[in-house]
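Input: a single structure, listed below in structure tokens.
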Amino acid sequence: GGMEKIKQHTFALAHYTYTVLSTLKYANGAPVVRIYSDTDFSNPDVQGPIINFNVLDENGEVIGFSQVDKMASLYNIHVRTGCFCNTGACQMYLGISDEDIQRNLQAGHVCGDDIDLVDGRPTGSVRISFGYMSSFEDAQSFLKFIIATRLSKSDTEIPFQSSVTKLTTESIPDDHPSFNNADKLSPIPHVSDTELGSISSATKTTVNWQPPEAEAESIRAAVSETAVPTCRRGGEPITVTNIYLYPIKSCSAFEVTEWPVGNQGLLYDRNWMVVNQNGVCMTQKQEPRLCLVNPSIDLKQKIMVIQAEGMDPISVSLEENTGKEAVICESKVCSHRVKTYDCGEGIAGWFSMFLGRPCRLIRQSSDMSHQKNIKGLASTANISLSLVNEAQYLLINVASILQLKEHISARLEEPLEIEELIRRFRANIVISAPESFEEEEWAEISIGALRFQVVGPCSRCQIICIDQQSGERNKEFLQSLSAARGRKTNFGIYLMNQPLHSSFPDILSVGSQVLPVLKENTEIQPPTSSEEKCSG
């Protein structure tokens, strides 16, 4: 039917979604979203199939677009966020002055990052778009996502699912200039005023995504007295309890009790990665079964042994072989070009058989490491990185894990092992500190002879929803983290090690004492990559 039919189809979907979305209310009558538009979605000649909005909490405060984006990804929904390369429109609709733009820049906000709120005010918004391939089911899936995360998680039947799915051709008047009686819309869903009223009343339920502030405070304070020491700083020493490296990016952890430290972090940490037939890095987001691949490093024999259930073990030499060099651009490494080489047909066949799709194992070449200039570090030199996303190390605190464990267990209504949570957060260094989340107040730490600077908090993505022992997903984990942390998904801190000047690597050991230095009343800015912040 050509472009006219496409316009009719896409506008009908946008009109339906706008109508339902603009009617959703909290129990106190506050709207769930704030839609930015110059029209009421009644005329396809002046309104395209795009809805731009921000999600609000029950107090009318904006929930950051980065948070909404992460929750949408749990429901397999892709949204665009930020200012959409249109700073002028962003300023107009969000009320951002030129002075605000300068202040946001000084606060560390740049185009494409996930700093979505500065002083409680939004720096951007969320946008959904419909195309010719979009369906009514897609629109319903999006609305179900908003209701499930903002209104009632306990309701098994979405209010609009049964009442508004009847098909009619009444959404747009027949006498509209864009349509005539011989060329009406295809049957589309229609929402009557009565039905919209029922939606409003049916969705006035308790918010589960973000608890009321009083409850959130109690969650953050509810640390088990039997599990976590009650002593304050300066009392019981802080020590390293676990050390993990991840030789192959997004594969299983290799736990050690002591390990050499190089200029890129733990020796051999994320030196390899699996790529698809197009040379694009594969992570657990696309292929959860990567967590079932278990690499281990044998420093004496200078090999990495790779094992997985149902597969014969296979080994890869730790010695570099640059006979088959290939330069790739891997966007998840901060959009930097990384020089790598292929590990051969044998290991490629092994991974392809286990994952059931063509793929290859590649290794970062040591003569072209991933360089990054980290804002705020004392050293002005570029920091050398392996195939990590943001920083050389990721540190988490057992006390923080215990506090989060209580909240998630209550929401799941089943016991949760602390070891499972530690594996989900894929840290390099696990410490035992007296207080939960006190690590977020540190500017730098010393562990033995090693000194580390804190780069910033780790903003979590959907990988924590994957059970690292089975590969099964459960989106409750990211939603629970968001609720417990007051709408943010920060957990753990990124560290950078000062460049080593000795030709002999230092050793990081379990049991070593951790000596932190507190920040001086300054907020550490999160990393400014446009990608989700997780170590993979």
### Task
Check whether at least one residue in segment 491-506 is at pLDDT 90 or above, open to solvent by 10 Å² or more (accessible area, probe 1.4 Å), outside the structural domain of V68 (by the TED database) and in a strand (DSSP E or B), and report yes or no.
no
### Query
Tell me, which residue of segment 454-490 that is closer than 20 Å to W442 by Cβ and either in contact with a Phe, Trp or Tyr (Cβ under 8 Å, 6 or more places away or on another chain) or open to solvent by less than 10 Å² (accessible area, probe 1.4 Å) (or both) is modelled with the lowest pLDDT?
R485
### Query
Given the residues I51, I101, which is the only one that is surrounded by 19 or more Cβ atoms within 10 Å (Cβ to Cβ) and more than 22 Å from the chain's Cα centre (by Cα)?
I51
### Summary
Going through segment 257-287 in order, the residues found to be under 27 Å from the mean Cα position of the chain (by Cα), outside any loop (DSSP other than H, G, I, E, B) and buried (at least 20 other Cβ atoms within 10 Å of the Cβ) are G265, L266, W272, M273, V274, V275, C281
### Query
Before we move on, is S37 among the polar types (S, T, N, Q) and open to solvent by less than 30 Å² (accessible area, probe 1.4 Å)?
no
### Query
Within segment 106-118, which residues are at pLDDT 80 or above and either open to solvent by 10 Å² or more (accessible area, probe 1.4 Å) or over 30 Å from T10 (Cβ atoms) (or both)?
L117, V118
### Task
Take segment 440-469 and flag every residue that is of a type in the set (A, V, I, L, M) and assigned to a strand (DSSP E or B).
A443, I445, I447, L450, V454, V455, I466
### Summary
Scanning segment 119-134 for residues that are modelled with pLDDT of 85 or more and of a type in the set (G, A, S), the one most open to solvent (accessible area, probe 1.4 Å) turns out to be S129
### Query
Identify, please: which residue in segment 63-88 is touching a residue at least 60 places away in the same chain (Cβ under 8 Å) and in a helix (DSSP H, G or I) and is, among those, nearest to T489 (Cα to Cα)?
Q67
### Query
modelled with pLDDT of 90 or more, over 23 Å from the mean Cα position of the chain (by Cα) and not hydrophobic (A, V, I, L, M, F, W, C) - does that describe any residue in segment 441-450?
yes
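The values are calculated or read from the model by the stated rules, or taken from the named source; none is laboratory data. Fair warning: this is a prediction, and the values are worked out from it, not measured in the lab. When we count neighbours, we look across all protein chains shown, and the Cβ atoms used for this are built from the backbone with ideal geometry, even at glycine. To get the accessible areas, we keep the full protein, side chains included, count just its heavy atoms, and leave off ligands, DNA and RNA. Shrake-Rupley method; radii C 1.70, N 1.55, O 1.52, S 1.80 Å.
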